[in-house]
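First the structure, in the form of structure tokens, and then the observations on it.
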Amino acid sequence: MTITSDTPVAIIGAGPAGLVLAHLLKAIGIDSVVLERRDRGYVEQRVRAGVLEHPSVELLRDLGLADRLEREGLSHRGIELAFEGRRHRIDFLDLVGHSITVYGQQEIVKDLIAARLAAGDPIVFEVDDVTIDGIDSDFPTVGYTHDGERHELRCRIVAGCDGFHGISRDRIGEGPSGNTVFDRDYPFAWLGILAEAAPTIDELIYSSHERGFALYSMRSPTITRLYLQVPADERIEDWSDDRIWSELEIRLPTGDGFSFNTGPIHERGITTMRSFVSIPMRRGSLAIAGDAAHIVPPTGAKGMNLAIADVAVLAEIIDDVITDGKDERLDDYTDECLRRVWRCQHFSWWMTSMLHRFDDDPFRRQLQLSELRLVTSSTPAATNLAENYVGVALGPSLRSPATQAGDGRSLAGARSLASEGKVDR
Ligand SMILES: Cc1cc2nc3c(=O)[nH]c(=O)nc-3n(C[C@H](O)[C@H](O)[C@H](O)COP(=O)(O)OP(=O)(O)OC[C@H]3O[C@@H](n4cnc5c(N)ncnc54)[C@H](O)[C@@H]3O)c2cc1C
């Protein structure tokens, strides 16, 4: 027997995209059900991104979900770029008037889950065999199995927030016009560790070294997060703790007065690097958001922020559809998201290209060094990096927060200013 229920919006996936969407909808009075195939503990412990752009922080603050983030998150006013053994600072606050916040993705996920469950709103963990039917109608259904029983959710909109390996993107591709994929693989990956070692500096160091890229970052006053560029087919078993620490010692700018603490490694993994965009992001009543639709290499720290940006657009469109009956707004979803998606794709590709070792081609290396020297010596070049890194305002406008008029600092502010015509659309 199938248990049937109704909800305006079925959300597949309890990652940043699905959870932020559920909260945005709740804030405008629209109910939803979130379905997640993993258990709560798993999604709350999954270590991934950690840099929140300024507009993402503002959005979480507007939703009343930033209390712990503001207490425990680390506000960074810039980053350092290291090459040829020296560090060079890019000061975001000076250049564009905004900073970024370092706060683990798993901490955001914990906060969003706790707030939703405390409000009595549903997240169904450990669902299996999720199916989506009736996409081309106004009455789609989402089927799933939970605790051995089959369920069917009847809804108006299905939000596929199920990450890169989810089921939703393929359902869009089954439509009459299929989907178009743009992608690029990189010949390297990131070996990432979380170590119990107090950070020795307040900001991230992106280091471009002849042996490969390294990133010094942190998650809290006691935990460092470190990355090393490794070949794409590298095996984590081949990296002992000693090998990791000594390679970091070589690649980080320790000759420039910088030193770092070592400590027990709690978490380690290898993340492949990819640029990927699949369009359209919507077919009929199904819209996809976040990693389900696009992937960026992590060098620009954009993945989680893009997921949040997509659902900010989607929530507004769902509001138009469900509250005002403006179904045609769904047609705008892909294009409204893609302008930001491609800006972030370019920035992530550019940062990756500038900082990593690709091959032994000395010509390419000299071009990289020339670009690094430019970015660290020219104010316009540094400003370009800074405004992309802190994040352009959410919504259709691509103007950076720093160049916006008035108080258009928050998601609500930026979007309402855009709709009032006070900033360029
Ligand atoms: C291994 C890894 C490491 C990363 N590291 C970094 C990093 O260091 N820095 C950085 O900036 N970015 C990083 N990223 C990118 C960033 O974490 C993602 O961009 C972000 O998680 C996107 O959020 P999302 O909600 O779109 O997708 P996800 O976080 O992937 O969430 C999707 C959710 O959907 C669930 N799901 C999938 N299929 C189904 C189904 N059929 N039914 C129900 N639920 C389903 C999944 O279990 C998951 O909880 C990393 C990503 C990965 C995958």
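The values are calculated or read from the model by the stated rules, or taken from the named source; none is laboratory data. Source: prediction; values computed, not measured. With ideal geometry, Cβ positions are generated from the backbone for all residues, glycine too; neighbour counts draw on all protein chains shown. Protein only, heavy atoms only, side chains kept; ligands, DNA and RNA dropped before computing areas. Shrake-Rupley method; radii C 1.70, N 1.55, O 1.52, S 1.80 Å.
On the accessible surface of the range 190-321, probed at 1.4 Å, how many percent belong to carbon and sulfur atoms?
Reported share for carbon and sulfur atoms: 47 percent.
Between the range 350-366 and the range 208-227, what is the separation of their alpha carbon centroids in Å?
19 Å
Write down the percent of antiparallel bridges among all DSSP beta bridges whose residues are both part of the chain, to the nearest 5. It would help to have the intermediate numbers written out before the result.
Numbers: 58 of 81 bridges.
The antiparallel fraction comes to roughly 70 percent.
Sorting check: for 255-261, 151-157, which peptide has the highest mean count of neighbouring beta carbons within 10 Å, and how do the rest follow?
Values: 255-261: 12.6, 151-157: 20.4.
Highest mean packing first, the order is 151-157, 255-261.
With a 1.4 Å probe and all protein chains left in place, how much of the accessible area of the range 37-154 comes from carbon and sulfur atoms, in whole percent?
Within the range 37-154, the accessible surface is 42 percent carbon and sulfur.
Please report, ordered by residue number, every helix of the chain (full DSSP H runs) that is 18 Å or longer along its axis going by C-alpha atoms and whose mean Kyte-Doolittle hydropathy reaches -1.0.
105-118, 303-324, 333-355, 362-375
I need the peptides 244-253, 289-298, 173-182 ranked by packing, meaning the mean over residues of other C-beta atoms within 10 angstrom, with the highest value on top.
Final packing ranking: 289-298, 244-253, 173-182.
With a 10 Å radius around each residue's Cβ, average the other Cβ atoms per peptide and rank 15-27, 223-235, 66-78, highest first. Numbers along the way, then the final one.
On the way: 15-27: 25.3, 223-235: 18.8, 66-78: 16.3.
In decreasing order of mean packing, 15-27, 223-235, 66-78 become 15-27, 223-235, 66-78.
Leaving out ligands and nucleic acids, and using a 1.4 Å probe, what accessible area per residue does the chain come to in Å²?
41 Å²
State, as an integer percentage, the relative contact order of the chain based on alpha-carbon contacts under 8 Å between residues 6 or more apart. Don't jump to the answer; show the numbers that get you there.
On the way: 880 pairs, mean separation 86.5, N = 425.
Once divided by the residue count of the chain, the mean separation gives 20 percent.
How much FRET efficiency would the formula 1/(1 + (r/R0)^6) give for residue 150 and residue 346, where r is the Cβ-Cβ distance and R0 is 45 Å, rounded to 0.05?
Result of the calculation: an efficiency of 0.50.
Please state the relative contact order of the range 1-154 as a whole percent: Cα pairs under 8 Å, 6+ residues apart?
Relative contact order of the range 1-154: 31 percent.
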